[in-house]
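**Student:** After the structure tokens below, expect a handful of questions from me.
The values are calculated or read from the model by the stated rules, or taken from the named source; none is laboratory data. Bear in mind that the values here come from a model prediction, so they are computed numbers and not experimental data. Positions of Cβ are generated from backbone atoms using ideal geometry, with glycine treated the same way; all protein chains shown enter the neighbour counts. Just the protein is used for accessible areas: all its heavy atoms, side chains included, with ligands, DNA and RNA removed. Shrake-Rupley method; radii C 1.70, N 1.55, O 1.52, S 1.80 Å.
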Amino acid sequence: MSKNVAGVLGKGISPQAFIDSMQKNKEAFLSWYEQFEWANEEDKAYFESLQFRDDIRCLILAADWCGDVVRNVPVVFRALETAQMQTEVLIMEQFPDVMDEFLTMGGRSVPIVIFADTGGHVLGQWGPRPSDVQAHMVAFKQANPDREASDYQDKLQVVRQQMMKQYGESAAYHARVVSELRELLSAL
């Protein structure tokens, strides 16, 4: 059965309202936002070409306390600003039913970037993090299926450190996010 988000289209907040309402991690979020630069002109031109499409909407499930939101949503905002795509943010805690339709490996992970048509039919989704970073979590979950295991949390901390290392300290990962978004949108 295909997913549909028609019931929440127009119920989210604007990207600026999300930034303005941030209670946590606002400085880090704005730092990543301000550091954004196009890695290549082809990607920029692609997102500029989307300005002529009014048939795609974007919903972003997010929470200001999440490190992946702080890292990735500024990049998504910048790319979609260039595309002039109608974008709204759904605060995860305010939309639990929507969040539960977009679980990652059975769990609630944000951000989830949802692309839908004007009728709310979901065309594609991205998130919660670039595929090379997510690969660490996928491997961890496969190797550690028992969340109640005594060493689960310790191992989870190790994988989170690996993920941070994969992101890197610079904004170079921004190009990977843009590339994955472009690949997804190109198929729509």
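**Student:** Just a yes or no: is a residue in segment 130-140 touching a Lys or Arg at 6+ places or on another chain (Cβ under 7 Å) and within 17 Å of Met85 (Cα to Cα)?
**Tutor:** Within segment 130-140, none of the residues are touching a Lys or Arg at 6+ places or on another chain (Cβ under 7 Å) and within 17 Å of Met85 (Cα to Cα).
**Student:** A further question follows. Under 7 Å between Cβ atoms, at least 6 apart or on separate chains: pull out the pairs that start in segment 1-21 with a residue that is among the aromatic types (Phe, Trp, Tyr) and end on any residue that is at pLDDT 95 or above and open to solvent by less than 60 Å² (accessible area, probe 1.4 Å).
**Tutor:** Phe18/Ala62; Phe18/Val89
**Student:** Return yes or no: is Asp132 free of Cβ contacts under 8 Å to residues at least 40 places away in the same chain and either over 19 Å from Trp65 (Cβ atoms) or surrounded by 15 or more Cβ atoms within 10 Å (Cβ to Cβ) (or both)?
**Tutor:** no
**Student:** Of all residues in segment 55-102, which are open to solvent by 20 Å² or more (accessible area, probe 1.4 Å), out of contact with any strand residue (DSSP E or B) (no Cβ under 8 Å at 6 or more places or on another chain) and outside any helix (DSSP H, G or I)?
**Tutor:** If the condition is that a residue be open to solvent by 20 Å² or more (accessible area, probe 1.4 Å), out of contact with any strand residue (DSSP E or B) (no Cβ under 8 Å at 6 or more places or on another chain) and outside any helix (DSSP H, G or I), then Asp64, Trp65, Gln84 are the ones that fit.
**Student:** Right, something else. Hey, among the residues in segment 103-117 that are touching a residue at least 60 places away in the same chain (Cβ under 8 Å) and under 12 Å from the mean Cα position of the chain (by Cα), which one's nearest to Pro15 (Cα to Cα)?
**Tutor:** Val113
**Student:** Out of curiosity, is Ala171 more than 23 Å from Lys3 (Cα to Cα), free of Cβ contacts under 8 Å to residues at least 60 places away in the same chain and open to solvent by less than 50 Å² (accessible area, probe 1.4 Å)?
**Tutor:** On the way: more than 23 Å from Lys3 (Cα to Cα): yes; free of Cβ contacts under 8 Å to residues at least 60 places away in the same chain: no; open to solvent by less than 50 Å² (accessible area, probe 1.4 Å): yes.
For Ala171, the condition - more than 23 Å from Lys3 (Cα to Cα), free of Cβ contacts under 8 Å to residues at least 60 places away in the same chain and open to solvent by less than 50 Å² (accessible area, probe 1.4 Å) - is not met.
**Student:** Just to check your reading of the model, which residue among Gln166, Gln142 is touching a helix residue (DSSP H, G or I) at 6+ places or on another chain (Cβ under 6 Å), assigned to a helix (DSSP H, G or I) and open to solvent by 50 Å² or more (accessible area, probe 1.4 Å)? Can you show your working first?
**Tutor:** Working: Gln142 fails: touching a helix residue (DSSP H, G or I) at 6+ places or on another chain (Cβ under 6 Å).
Step by step, each of Gln166, Gln142 is checked, and only Gln166 is touching a helix residue (DSSP H, G or I) at 6+ places or on another chain (Cβ under 6 Å), assigned to a helix (DSSP H, G or I) and open to solvent by 50 Å² or more (accessible area, probe 1.4 Å).
**Student:** While we're on this one: Where in segment 1-52 are there helices (runs of 4 or more DSSP H), lying wholly inside it, with at least 2 residues that are touching a Phe, Trp or Tyr at 6+ places or on another chain (Cβ under 8 Å) and surrounded by 13 or more Cβ atoms within 10 Å (Cβ to Cβ)?
**Tutor:** It comes to 15-21.
**Student:** Considering each residue of segment 152-161, count those that are open to solvent by less than 60 Å² (accessible area, probe 1.4 Å) and more than 25 Å from the chain's Cα centre (by Cα), and give that number.
**Tutor:** 1
**Student:** Sticking with this structure for a sec: State whether one or more residues within segment 116-139 are in contact with a Gly (Cβ under 6 Å, 6 or more places away or on another chain) and under 18 Å from Leu185 (Cβ atoms).
**Tutor:** no
**Student:** Using beta carbons and a limit of 9 Å, which pairs, at least six apart or on different chains, have the first residue in segment 50-63 and touching a residue at least 60 places away in the same chain (Cβ under 8 Å) and on the phi > 0 side of the Ramachandran plot and the second one open to solvent by less than 10 Å² (accessible area, probe 1.4 Å) and not basic (Lys, Arg)?
**Tutor:** Pairs that qualify, where the first residue is touching a residue at least 60 places away in the same chain (Cβ under 8 Å) and on the phi > 0 side of the Ramachandran plot and the partner is open to solvent by less than 10 Å² (accessible area, probe 1.4 Å) and not basic (Lys, Arg): there are none.
**Student:** Then there's this: Restricting the search to segment 134-188, which residues are of a type in the set (Phe, Trp, Tyr) and farther than 13 Å from Met105 by Cβ? Reasoning before the result, please.
**Tutor:** Of segment 134-188, the ones of a type in the set (Phe, Trp, Tyr) are 140, 152, 167, 173.
Correct list: Tyr152, Tyr167, Tyr173.
**Student:** Sort out which residues of segment 103-129 are hydroxyl-bearing (Ser, Thr, Tyr) and crowded, with 17+ Cβ neighbours inside 10 Å, and write them in order of number.
**Tutor:** Within segment 103-129, Thr104, Ser109 qualify.
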